[in-house]
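Just so you know, all these numbers are worked out from the coordinates, no wet-lab data involved. Note that this is a predicted model, so its numbers are computed, not measured. Note that we place each Cβ from the backbone using ideal geometry, even for glycine, and neighbour counts take in every protein chain shown.
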Amino acid sequence: MTHQLDQLEFTYGEPETLKRIEEIAQDWKKTCRVDQGRVTDEVTTGYHTWHDQRVKNVIHPPKNPSKHPVNPEPQDVLLESELTRKRLEKEMMNMKRRHEDELEEVKKETARKVRVALKERDEWQSKFEEVSVANSSLLARIQELQSANNALQHEVRSQGQTIQELKNDCDMLETAMEGYKAQYEAIRQEYFQMRERNNSCTQSLQRKEAEMQWILKQMREVAFRARVMADKTEELRGEILPKDELSERLINHLKMVRDQYDKIKGKKAAGSSGTPEDIQQTETNTDPMYPPGFTPPPARNASIPMPSVGQYPFFGMPIGPPPTYAQQRPIGGASPSDPIFVPDLDDPKEQEKLKCGSVESKDNPDTHKKFDLFEERLRMVEGMGMYCSMDAIELCLVPDVVIPPKFKVSDFEKYDGTKCPVTHITMYCRRMAANAHDDKLLIHCFQDSLTGAAAKWYVQLDRNRIHTWKDLARAFVAQYKHVTDMAPDRLSLQNMEKKTTESFKEYAQRWRNVASQVQPPLTEKETTVMFVNTLRAPYYERLVGSATKNFADMVISGEMIETAIKQGKIE
């Protein structure tokens, strides 16, 4: 089979001969042989034409050999060298083309890398500019910090000087503290002495109070006698006043009553100037109750025996002044310190008034008022009229208090006057936080949080001085300020000791409760160290090395030591 060899025509020696020959050689490589026994219709279409018109590859030698020299090299050798040369040229061309392609690829890669490098250069340039700006700002910041550092160094030097001055002041304060400690010890000794004097004063006060009770008893006897005389005077008034001839006797009788009153008043002022025997003798030697020649009419109270003056064990001891009226509530608007008005019967004007007013005295309302006032004063002397009024409005500390609906009084912790008043005020206000804006309700409910002496103090408050809650709080804190002043301090904690009848845990709890009241508060280390210093052997010997632990661990260690002592493991 041929591959279009029938259409190939060229002349040897033309410029493109070698190219044609190379094409033929390449085409011959593709030629294949088909073995057929005979010509059939299966051959290609142009085969018969080619077969008829084919050019036979027969080269005839020239007829005149002299004109045509013989080529020294055979035709095949020339063709092979030409083909080798062409092949080498083709390989060179391929290599050149390949090199050009590679060069193009290198150029493209180089151009890409150049673009990337330019892009990176731009990025680095921008970053460099940013870094330059940041560097400039940092340099400015460094300058500012340098100046600030210089200022701080200057301040440190000044603070060092200040610290040195403070150290000097601290040394001075420590020196002064030593002096204050000595003064404190002196004041403490003085306090104990004052407490002893206070105890002696308390005992003396108790004796005075017993003496006052005796004087009150004497005053009641005097009041009883005055009441008996008043009853007899009333009876005499009903019998004598209608009769003018007995007026003089009545005047004499009233004079005698006044003389007896003056004598009793003089004895009361004398106090303990005499003995009970002298008083009894004086009563025996006094004038009779009625003037000579005057026979008293039978009275319904004539059979009432007069009280006798008994012996008093404290009679003759010095007594203080009687209680003033300011210590009692006013009764009926009258002052008990005022003497009972007794008319001067030596004065003729008083005698004339008595004669003229004897008839109208029965129906005169002023007379009844005077008698009522006299009876009220007598009740006050007898101790029966300590509270003048039983009006609920006057007994209330804050009038017109409004209790909110569904209001329920909280269960307050009762204050008895032995604890810190500020703490009690704080706890009360927190319990009443919902009604903290209502002063009247706060004042009214405050009595529910008091008991004992504190409740009595609340009852004795003057409503004219308590207008707001702040007034009551200030009065309460001022009343019990001595409790705050007597609060435990570090010295009292150091002086505490464990009782033989209490366990280690009970003593620790008692000591910690007292320590919680110390101001300023103790630190944890100070608490443990001070607690260990209050212990005795064998607790101190075994817990002194654990003073840096917390308080709870120390209590556990103390309980273990106590258990070991009970079991006989520790002597």
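Using +1 on the beta carbon of Lys and Arg, -1 on that of Asp and Glu, and nothing else charged, what's the dipole of the range 490-566 about the Cα centre, debye to 20?
Approximately 100 debye in magnitude.
What is the calculated FRET efficiency for Val529 to Glu209, with r their C-beta to C-beta distance and R₀ = 60 Å, to the nearest 0.05? Could you put the intermediate results ahead of the total?
Working: r = 48 Å, r/R0 = 0.80.
Working from the Cβ atoms, E equals 0.80.
What order do you get for 551-562, 190-201, 440-451 when each peptide is scored by the mean count of other beta carbon atoms within 10 Å, highest first?
Going by the mean number of other Cβ atoms within 10 Å, highest first, we get 440-451, 551-562, 190-201.
Highest first, please rank the peptides 524-533, 114-123 by the mean number of other Cβ atoms sitting within 10 Å of their residues.
524-533, 114-123
May I have the extent of the alpha carbons of the range 169-211 along their three principal axes, as whole Å values ordered from largest to smallest?
59, 12, 5
Projected area of the range 394-487, taken from the Cα convex hull and averaged over every viewing direction, in nm²? Present the calculation step by step, with values, prior to reporting the outcome.
Working: hull surface 23.9 nm².
Average projection, Cα convex hull of the range 394-487: 6.0 nm².
Would you mind putting 506-518, 453-465, 83-95 in packing order, based on average other-beta-carbon counts within 10 Å, highest first? Provide the component values of the computation, followed by the final result.
Values: 506-518: 15.6, 453-465: 13.2, 83-95: 11.5.
Sorting 506-518, 453-465, 83-95 by mean packing, highest first, produces 506-518, 453-465, 83-95.
Please give the FRET efficiency for Lys127 paired with Met95, using the beta carbon to beta carbon distance and R0 = 35 Å, rounded to the nearest 0.05. Don't skip to the answer; put the middle values down first.
Values: r = 45 Å, r/R0 = 1.30.
Efficiency for this residue pair is about 0.15.
Using label points projected 7 Å from each Cα along Cα→Cβ, tell me how many nm separate Gln494 and Glu144, to one decimal.
5.5 nm
Need one word for the range 473-568: rounded, prolate or oblate. Basis is the Cα gyration tensor (sqrt eigenvalues a ≥ b ≥ c); a/c below 1.5 gives rounded, then a/b vs b/c decides.
Cα axes put the range 473-568 in the prolate bin.
Roughly how many nanometres apart are two label points built 7 Å out from the Cα toward the Cβ at Leu88 and Glu16?
Using points 7 Å along Cα→Cβ, the separation is 2.6 nm.
Find how many whole Å separate the alpha carbon centroid of the range 443-496 from the alpha carbon centroid of the range 174-221.
21 Å
Amide H neighbours of Tyr415 under 5 Å, counting only residues 5+ apart in sequence or on other chains, H built in-plane at 1.01 Å?
Under 5 Å from the amide H of Tyr415: Leu450, Thr451.
Are any of the pairs Lys181/Lys208; Lys505/Lys525; Lys406/Lys440 more than 29 Å apart by Cα-Cα distance, and if so, which?
From the list (Lys181/Lys208; Lys505/Lys525; Lys406/Lys440), the Cα-Cα distance tops 29 Å for Lys181/Lys208.
Once fully extended, how much extra length lies between Ala182 and Val514, figured as 0.36 nm per residue of separation less the alpha-carbon to alpha-carbon distance?
117.1 nm
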